[in-house]
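**Q** Attaching a single structure in structure tokens format; questions to follow.
What follows draws every value from the coordinates through simple rules; no lab data is involved. Keep in mind the model is a prediction, meaning the values are calculated, not measured. So basically every Cβ, Gly included, is an ideal-geometry build from the backbone, and we count neighbours across all protein chains shown.
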Amino acid sequence: MSSEFAQRTLNVNGVDTVVLTMGSGPPLVYFHGAGTVTGFDFAPEWARRFQVVIPYHPGFGKSADDPDMTDIGDYVAHYVELFAKLGLSAVNLAGQSMGGFIASQLAAEHDKLVRKLALICPIGIPIPEHPSVDFLKVPPQELPALLAADPQTVIRHLPAQPDEAFFAERGKEATAAGRILRDGPFDPALVDKLPRITAPIMLVWGKADRLTPVAQHTSWTNLLPKAELRLYDGAGHLVLDEAPQSVQAIADFFTA
């Protein structure tokens, strides 16, 4: 199995969307969070058993932006169309952070598209007693320690001499995230939608998550009482990068 991604670009309602794929087998779609700088080093483990499909959200990574996409619902509609173009249905869907927000709403509104759902330190519901940090207001030099228990998890992905293209991509992603999450990293309406999800669910969290505190899992499990919960020591928000056993657990969950 090659550890390199194949890449293709699809036009989805006028938005050039870049999709990465690796491996073969049942489809496992991964929705990334509100930044792509750390890449997807965990994907080869999944690709041993699945065809891993990772689309860059509009406004993120290599995909074009669309200023008319202003909320999570717009991204859900985008992915319904993208899945149709890719011929995908009944997929194993994993979403991290903002990607978990998108994935949970998609699963609630389009249950036939999702076979099983893994939500990895998701955002999306208001939890005032354990609020998420507004990462858009955090100075760049403080982000590695916010995202990971070990800041080197992030730092090793950063170029020694960042060029204009690097800063331009970070700026594009920050602009898109700010537009989508302008009212906060949640939508109160999602609280009523979550119980509609019919797919089996796994919730995954790093116990050292400083961005979306691990205590948030209680609110999610209250709304999703049948969800399987996995918490990992020594891992922050980037739990897939810091706790390889979480990557394996998700693969086992999707396989079962």
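**Q** Dipole magnitude of the chain about its Cα centre, charges +1 at Lys/Arg Cβ and -1 at Asp/Glu Cβ only, in debye to the nearest 20?
**A** Charge dipole, the chain, about its Cα centre: 640 debye, nearest 20.
**Q** Suppose every K and R has +1 on its Cβ and every D and E has -1 on its Cβ; what is the size of the dipole of the stretch 67-186 about the Cα centre, in Debye to the nearest 20?
**A** 340 debye
**Q** Could you work out the helix-only [θ] at 222 nm for the chain, with each DSSP H run of four or more residues adding -39,500 (n - 2.57) and the total divided by the number of residues, to the nearest 500 deg cm²/dmol?
**A** Rounded to the nearest 500, the figure is -9500 deg cm²/dmol.
**Q** Sticking with this structure for a sec: Using only the Cα atoms of the stretch 1-71, each taken as one equal point scatterer with no solvent, compute I(q) by the Debye sum, divide by I(0), and report log10 of the ratio at q = 0.16, 0.18 Å⁻¹.
**A** Normalising to I(0) and taking log10 leaves -0.56, -0.69.
**Q** Ranking request for peptides 131-137, 211-217: highest mean number of other beta-carbon atoms within 10 Å first, then the rest in descending order.
**A** Descending packing order for the listed peptides: 211-217, 131-137.
**Q** For the chain, compute Rh as the Kirkwood radius over C-alpha pairs and then the Stokes-Einstein diffusion coefficient at 4 °C and 1.567 mPa s; write the answer in µm²/s, rounded to an integer.
**A** 71 µm²/s
**Q** Can you find, among 11, 199, 186, the residue sitting farthest towards the positive end of the charge dipole of the stretch 6-255, where Lys and Arg contribute +1 and Asp and Glu -1 at Cβ?
**A** It is 199, whose Cα lies furthest towards the positive end.
**Q** Does the stretch 112-174 come out rounded, prolate or oblate by the C-alpha gyration tensor, with a ≥ b ≥ c the root eigenvalues, rounded set by a/c under 1.5 and, if not, prolate when a/b is larger than b/c and oblate if not?
**A** prolate
**Q** Semi-axes of the equivalent ellipsoid for the stretch 157-242, please: Cα gyration tensor eigenvalues, times 5, square-rooted, ordered largest first, whole Å.
**A** 30, 19, 11
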